[in-house]
1. As a check on your grasp of the helix formula, calculate [θ] at 222 nm for the chain: sum -39500 (n - 2.57) over DSSP H runs of n ≥ 4, divide by the residue count, round to the nearest 500.
2. Which residue, chosen from Gln31, His180, Pro153, occupies the Cα position most advanced towards the positive end of the dipole of the chain, where the dipole is computed from +1 (Lys, Arg) and -1 (Asp, Glu) charges on Cβ about the Cα centre?
3. With angles folded into 0 to 90 degrees, how steeply does helix 245-254 sit against the dominant principal axis of the chain? Use alpha carbons for both and round to 10.
4. As a test, work out the antiparallel percent of DSSP beta bridges whose residues both lie in region 44-203, rounded to the nearest 5.
5. Hey, got a sec? Which chymotrypsin sites (Phe, Trp or Tyr not before Pro) in region 208-260 land in a DSSP loop and have at most 14 other Cβ atoms within 10 Å?
6. Output the Kirkwood hydrodynamic radius of region 340-410, Cα pairs only, in Å rounded to one decimal.
7. Identify the GluC sites (Glu not before Pro) of region 92-174 meeting these criteria: DSSP loop state and at most 14 other C-beta atoms within 10 Å of the C-beta.
8. Please order Met214, Met208 by the number of other Cβ within 10 Å, starting at the fewest.
Amino acid sequence: MKVFLISILITLSISCSKKESEVVYDIEIGQINIIKNDGTILEEQTIYINADTIAAILPPRNIFYLKSKRYINGENNYLLPGFWDNHVHFRGGEQLITQNEKFLEQYINYGITTVRDAGGDLTPQVQQWNKQIQNGTRVGPTIYTSGPKLDGPNARWEGSLPVDSQESINDALDSLQSLHTDYVKIYDSTLSRKQYLDIIKTAETRAMITSGHMPFTVELQEAIDAGLDNIEHLYYVLKGCSSQEKEITQQIIEGTLGFWGSMEQLIATYDETTAQQTFARLKASNTFVTPTLHIGDVLSYLDEVDHSQDTYLSHLEDAFIKTYEGRNKRAINASAKAKKDRKELQTFFIKLTKSLHDAGVQLLAGSDCGAYNSYTYPGPSLHKELEQLVKAGLTPLQALRTSGYNGSQFLQKEGYGIAIGNKADLVILEKNPLENIRNTQSIRHTIKNGVVYTISRD
Ligand SMILES: [Zn+2]
């Protein structure tokens, strides 16, 4: 609190020394309730913003009368840092560039001021959009991107960098570094066990942040030891909680067991002692986990839920909706057992998320939205992910922290959160999200790059 007051006074004294009458802030939000990162609510505060920076925060009934160009009455509203979606994809090739471009505004529309792009085939466009967003010529969230994914030869996803030797690992990482991407995303469609671990180790020596899937030929502990910084999805964590991980891994290496085929065995051999050891290791090594529960829920119930009337579909081009077909068909044509197993796995993942959280593992809220990922819509899907985290047993505050706070920690980006001198990436909500996580959708304004967006949705 002292530091807080001192910083206010410093800010004010700097301002006042220029003669008070000269200082006119760009935006003033009056009498708003600020939700702090620890869950305390500072009531009826007044916030001043200059350009894209928080310039001052004043308590109720303050004696200072500062000027501003624009006043927003924040009475009975709640101020939060803008949301982060920590797993999105911009992809789908040339023909889907305009559709991907349209999602940028959608993110702002849903209060999302930062996204972590987890790889695709549109890296030049993504980097150009982000530049334009930063210099204020385009509406959209800050995009932190992995650039192209690293995978083996003839990888599943377009645009991936193929890796099959130490030399190609060096080349791939050189190319990411020359593109100034924010982290390394590793996929597992054709990547060998050795190369997977070598990518992580090599990235580590270059101080690059790594995130990825994990080939099932690798044991989780090996990935943690190599230095993996974030695990996308829960399959890999589940594997590390099995008392039979070594045996199952050996069967995968020998080719007698496949990825999906191993799930039932992994659940059956889930062992509480092994799990707690694994969680403790994840925590000790500061490895993040991105559960992606919402997409898991959508994909697990594709055979039962009719999405044809989803209102968001009106924002999507036909060519984009067409990318959903593969997953839809696979879900519908799956055997009765496979359908049942998928739902059981989802239920298991919800419990696993709570266990991870209780053990102190840092989670990231990420939706995995983008082309090919059926009915997981850019914008709303992050809010659905937050709902799922609460359904798993996190409090609304704990769920909120997995968005912007943990997102910036993972990518080691500073200057986020509501404090003087930080970026004014903000959302104004009509209802308190700590009371009900669905209130994250009661967005009145999103503030990004010094612009106030008024949100209205049907
Ligand atoms: Zn993804």
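1. Numbers: 17 runs with 181 residues, N = 458.
It lands at -12000 deg cm²/dmol.
2. Value: Gln31.
3. With both axes taken from Cα atoms, the answer is about 60 degrees.
4. Values: 5 of 16 bridges.
Approximately 30 percent, going by the DSSP bridge assignments.
5. Qualifying residues, ordered by number: Phe259.
6. On the way: mean 1/r = 0.0779 Å⁻¹.
The Cα-based Kirkwood calculation yields 12.8 Å.
7. Values: sites: Glu94, Glu101, Glu105, Glu158, Glu167; in loops: Glu158.
Sparse-neighbourhood loop GluC sites (Glu not before Pro): Glu158.
8. Numbers: Met214 28, Met208 19.
Exposure proxy ranking, most exposed first: Met208, Met214.
The numbers here are math on the coordinates, done by the rules we state, and not lab data. Note that the coordinates shown come from a computational prediction; the quantities given were computed from them, not determined experimentally. Quick reminder, even Gly has a Cβ in these numbers, built from the backbone with ideal geometry, and neighbours come from all protein chains shown.
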